Amino acid sequence: MGRIGRRPRTKQGAGRFGSAARGTYRHPPTKESFPMSLSHVDAAVSEAFRTIGQEWALLTAGNKDAFNAMTISWGSLGFVWQRPIVTVMVRPQRYTHEFMEKSDLFTVSFYQNQRKALNVMGSKSGRDTDKVALSGLTPRFLDGAVTFGEAYLSVVARTLYKTRMTPAGLTEPALDETFYPKKDHHSIYMAEIVDIVTA
């Protein structure tokens with residue numbers, strides 16, 4: 001497993017924003033660390049998020065001691081607060097929500113030819129099922145975060161802002177009626193990219 005570097009790497013395993021292999025994430029970043037563009041975020045990340053609705057991904061929160069993952073098909077990549085930001089959404093009844101609330105770091109990981117595994121991860125609950133074992137995926141432990149060995153790309157992110165959606169915030173009533181008949185409005189997490197890990 002490697003990492004995509006914006007600058008020449010001085011040591012094997014060094015990440016884009018410092019050496020995640022040694023647990024030295026660089027935040028908060030300096031102005032020089034984040035030019036006012038997304039050019040330093042690899043094109044593979046942009047493409048992965050562009051196709052997330054069709055190809056899906058895994059959202060994983062927790063650490064080597066306890067974690068949970070769920071399949072997602074919603075998510076976005078952008079640039080806020082002079083930082084590359086990923087935004088993900090989790091309904092409160094999902095087991096992963098508990099880990100997102102307790103964890104600073106999470107990963108969004110992308111796969112090829114793993115549709116069956118992603119179906120398992122999205123349809124089973126980690127509360128009462130070892131769905132990782134059922135999926136056949138292999139946990140890969142990073143510094144304070146978790147991904148899976150089968151991922152071709154994993155984005156490690158640190159939550160900077162989180163909030164709970166409300167019906168009043170939806171300006172189109174049809175959205176509330178269509179997506180939230182159970183009133184289980186998503187929690188929204190905006191997080192800065194701190195590392196990008198490749199297979």
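The values are calculated or read from the model by the stated rules, or taken from the named source; none is laboratory data. Keep in mind the model is a prediction, meaning the values are calculated, not measured. Using ideal geometry, Cβ is built from the backbone for each residue, glycine included, and neighbour counts are taken over all protein chains shown.
Out of 46, 37, one residue alone is more than 25 Å from residue 137 (Cα to Cα) and either exposed (fewer than 13 other Cβ atoms within 10 Å of the Cβ) or modelled with pLDDT under 95 (or both). It is 37. Taking the listed residues 54, 114, the one that is out of contact with any helix residue (DSSP H, G or I) (no Cβ under 7 Å at 6 or more places or on another chain), of a type outside the set (A, V, I, L, M, F, W, C), farther than 19 Å from residue 196 by Cα and in contact (Cβ under 8 Å) with a residue 24 or more places away in the chain is 114, with no other qualifying. Only residues that are within 26 Å of residue 83 (Cα to Cα) and assigned to a helix (DSSP H, G or I) were counted in segment 157-174, giving 1. The residues in segment 95-116 that are part of a loop (DSSP other than H, G, I, E, B), of a type in the set (Ser, Thr, Tyr) and within 19 Å of residue 133 (Cα to Cα) can be counted, and the count is 1. Scanning segment 126-141 for residues that are surrounded by fewer than 21 Cβ atoms within 10 Å (Cβ to Cβ), more than 23 Å from residue 195 (Cβ to Cβ) and either out of contact with any strand residue (DSSP E or B) (no Cβ under 9 Å at 6 or more places or on another chain) or at pLDDT 95 or above (or both) returns 128, 129, 130, 133, 134, 136. Looking at segment 160-197, which of its residues are in contact with a Ser or Thr (Cβ under 8 Å, 6 or more places away or on another chain) and of a type in the set (Ser, Thr, Tyr)? Those that are in contact with a Ser or Thr (Cβ under 8 Å, 6 or more places away or on another chain) and of a type in the set (Ser, Thr, Tyr): 163, 187, 189. The residue list 73, 109 contains one member that is closer than 16 Å to residue 191 by Cβ and small (Gly, Ala, Ser), which is 109.
Kindly check whether there is at least one residue in segment 5-19 that is at pLDDT below 50 and outside any loop (DSSP other than H, G, I, E, B). Give the derivation first.
Looking only at segment 5-19, we keep the residues that are at pLDDT below 50, and these are 5-19.
Those left that are additionally outside any loop (DSSP other than H, G, I, E, B): 15, 18.
The answer is yes; a qualifying residue exists.
Here the condition is being of a type in the set (A, V, I, L, M, F, W, C) and part of a helix (DSSP H, G or I); of 77, 134, it holds for 134 alone. Going by what's in this entry, would residue 144 be described as within 17 Å of the chain's Cα centre (by Cα), outside any loop (DSSP other than H, G, I, E, B) and at pLDDT below 95? Here the answer is no, as residue 144 does not meet what is asked. Residue count for segment 45-73 satisfying the condition of being farther than 16 Å from residue 100 by Cα and part of a loop (DSSP other than H, G, I, E, B): 3.
Out of the residues in segment 157-199 that are of a type in the set (Val, Ile, Thr) and crowded, with 16+ Cβ neighbours inside 10 Å, state the one that is nearest to residue 92 (Cα to Cα).
Taking segment 157-199 as the starting set, the residues that turn out to be of a type in the set (Val, Ile, Thr) are 159, 163, 166, 171, 178, 188, 193-194, 196-198.
Now narrow it down to the ones that are crowded, with 16+ Cβ neighbours inside 10 Å: 159, 193-194, 196-197.
Working: 159: 17, 193: 23, 194: 25, 196: 27, 197: 28 Å.
This residue is 159.
Among residues that are among the charged types (D, E, K, R), in contact (Cβ under 8 Å) with a residue 12 or more places away in the chain and either buried (at least 21 other Cβ atoms within 10 Å of the Cβ) or more than 24 Å from residue 185 (Cβ to Cβ) (or both), residue 150 is included.
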